[in-house]
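Everything below concerns the one structure shown next.
The values are calculated or read from the model by the stated rules, or taken from the named source; none is laboratory data. In this text, all values refer to a predicted model and were calculated from it rather than measured experimentally. Every residue, glycine as well, gets a Cβ built from its backbone with ideal geometry; the counts of neighbours run over all protein chains shown.
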Amino acid sequence: MAIPEHIIISKDMHRLEEMLKDRRCFALVDNNLRHNPIIEIFGERVLFVEATEDIKTLDTIGMFAVHLLDRGVDRDTLLVGIGGGITTDITGFLAAIYMRGIRCGLVPTTLLSQIDATVGSKNGVNVNHYKNILGTIRTPEFIYLCPEVTLSTSTSSNLNGIAEMLKIFMLRDPGYYQMAVDHYTGRKQHDLTDLIRRAVEIHYEIVEEDPEEWGARRLLNLGHTFGHAIEKCGEMSMPHGKAVAVGIIIAARMAVKMGLLKEADFQRIYGDFCMIGLPTQPPVPLTSLTGAIRKDKKKVGNVIYFVLPTGIGSTVIKPLTFEEIDALVSSL
Ligand SMILES: NC(=O)c1ccc[n+]([C@@H]2O[C@H](COP(=O)([O-])OP(=O)(O)OC[C@H]3O[C@@H](n4cnc5c(N)ncnc54)[C@H](O)[C@@H]3O)[C@@H](O)[C@H]2O)c1
């Protein structure tokens, strides 16, 4: 399947400059990109975002809406979000509800936001520290993916995107899984634009199969059930992608226990994650995470549709009750 036209993958920023040249735009920009030349396109029409998870709230949305009103942003303005997943989530949500919806373009600047947070057209803000409780599903006018812009991200925040990339390839493409492992362990360099393109392509295949998230799109939740619980661990929490990496390892261990995944495949995944430097252990005892899982927004009654790997490149979705999850977790 081709990547949809609104997703533009480019090795540099020239095309974005062309696209925005004569447009009435306003940008929300991650503070860490304050000195990036791309900001010049917007002149004074920029608001900087201090991207921490704490600001992904309705209060911030209200505060930004006031700024946009003061700065004359109206229904003819294109709201452009430039930054990691926090900035693009805020921009997408704000654009969806400001004046009942204005046009929006996104320029994700972390690997995680390029292959995951923006391409699903979902956005969201947190409520009482519960992740993405309020949000919309709305396709932006464009999503501009430029691998070059991620070069300034820290290794630690890059790991978040690597975890999501490996997750995507674990769902559907063992060949690209191996390429990504080789690339990020330094065994063999691959074209990052190609890895991003393939990850986005698979993401899109899955989203297109199931835009409302009742079927195949659940696959994208591989590693996310425990991942989200780890993100809510208070002081011991981990950022999204790293938490997902641990969640994938837990799901793989559960799959071995259930006879769905060979021990050898588990060992390979575990070894790959360790070599890349991804975390594999939860920061708190596993059993203390099951309380948070009971509040997972993807639960249906007392069931979670759990994504379990059955090999590298294949997965299965199993409805598991909270009691079944508790029993499995305490046997790991
Ligand atoms: N909407 C969705 O479907 C979806 C999916 C996955 C994740 N998310 C959300 O994405 C967020 C995490 O996104 P993220 O990992 O991109 O993190 P982020 O937005 O927190 O960015 C991580 C850090 O990198 C900095 N940064 C961003 N781009 C940079 C660059 N080019 N150079 C230097 N520094 C840069 C930021 O200022 C921040 O300090 C979470 O809030 C998560 O809930 C949303």
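Can VAL66 be described as among the aliphatic types (A, V, I, L, M) and without any contact (Cβ under 8 Å) to a residue 24 or more places away in the chain?
Working: among the aliphatic types (A, V, I, L, M): yes; without any contact (Cβ under 8 Å) to a residue 24 or more places away in the chain: yes.
Judged against the criteria, VAL66 is a match.
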So if I check each of ILE115, ILE41, which one is of a type outside the set (Gly, Ala, Ser), crowded, with 20+ Cβ neighbours inside 10 Å and under 30 Å from GLU201 (Cβ atoms)?
ILE115
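Based on what the data block shows, is ILE293 within 24 Å of the chain's Cα centre (by Cα), of a type in the set (Val, Ile, Thr), over 19 Å from ILE162 (Cβ atoms) and at pLDDT below 90? I'd like the intermediate steps shown before the answer.
On the way: within 24 Å of the chain's Cα centre (by Cα): yes; of a type in the set (Val, Ile, Thr): yes; over 19 Å from ILE162 (Cβ atoms): yes; at pLDDT below 90: yes.
Spelling it out, ILE293 is indeed within 24 Å of the chain's Cα centre (by Cα), of a type in the set (Val, Ile, Thr), over 19 Å from ILE162 (Cβ atoms) and at pLDDT below 90.
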Please go through the range 108-147 and give me each residue that is over 19 Å from ILE55 (Cβ atoms) and in contact with a strand residue (DSSP E or B) (Cβ under 6 Å, 6 or more places away or on another chain), ordered by number.
GLN114, SER121, ILE137, PRO140, GLU141, PHE142, ILE143, TYR144, LEU145
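Which ones in the range 10-35 are surrounded by fewer than 17 Cβ atoms within 10 Å (Cβ to Cβ) and in contact (Cβ under 8 Å) with a residue 12 or more places away in the chain?
Result: SER10, LYS11, ASP12, ARG15, GLU17, LYS21, ARG23, ARG24, ASN31, ARG34.
Got a sec? Which of MET179, MET170, MET238, MET165 is assigned by TED's automatic domain parsing to the domain that holds PHE306, aliphatic (A, V, I, L, M) and part of a loop (DSSP other than H, G, I, E, B)?
Values: MET179 fails: part of a loop (DSSP other than H, G, I, E, B); MET170 fails: part of a loop (DSSP other than H, G, I, E, B); MET165 fails: part of a loop (DSSP other than H, G, I, E, B).
Unique residue meeting the criteria: MET238.
Which strands (runs of 3 or more DSSP E) does the range 31-128 wholly contain that include 3 or more residues that are assigned by TED's automatic domain parsing to the domain that holds TYR176 and either within 9 Å of the ligand (Cβ to nearest atom) or not hydrophobic (A, V, I, L, M, F, W, C) (or both)?
Numbers: elements: 46-49, 78-83, 104-108, 125-127.
Fully inside the range 31-128 and qualifying: nothing.
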Return yes or no: is ALA96 buried (at least 16 other Cβ atoms within 10 Å of the Cβ), within 26 Å of ASN160 (Cα to Cα) and in contact with a Gly (Cβ under 9 Å, 6 or more places away or on another chain)?
no
When the residues of the range 138-175 are filtered to those that are near the ligand (Cβ under 10 Å from one of its atoms) and of a type in the set (S, T, N, Q), which remaining residue is surrounded by the most Cβ atoms within 10 Å (Cβ to Cβ)?
ASN160
Neighbours by Cβ (under 6 Å, 6+ apart or cross-chain): first from the range 278-300, of a type outside the set (S, T, N, Q); second surrounded by fewer than 17 Cβ atoms within 10 Å (Cβ to Cβ) and part of a helix (DSSP H, G or I):
PRO283/MET236; VAL284/MET236
With (1) within 23 Å of ARG253 (Cβ to Cβ); (2) away from the ligand (no atom under 11 Å from the Cβ); (3) touching an Asp or Glu at 6+ places or on another chain (Cβ under 8 Å) as the list, and GLN178 as the residue in question, which single condition is left unmet?
(3)
Might you let me know whether the range 101-109 holds any residue that is in contact with an Asp or Glu (Cβ under 9 Å, 6 or more places away or on another chain), crowded, with 24+ Cβ neighbours inside 10 Å and among the polar types (S, T, N, Q)?
yes
Against the condition within 18 Å of the chain's Cα centre (by Cα), under 26 Å from ILE86 (Cβ atoms) and surrounded by 15 or more Cβ atoms within 10 Å (Cβ to Cβ), how does ILE230 come out, does it pass?
yes
Breaking point among (1) within 23 Å of ILE39 (Cα to Cα); (2) modelled with pLDDT under 95; (3) more than 11 Å from the ligand (Cβ to nearest atom); (4) small (Gly, Ala, Ser), for GLY186
(1)
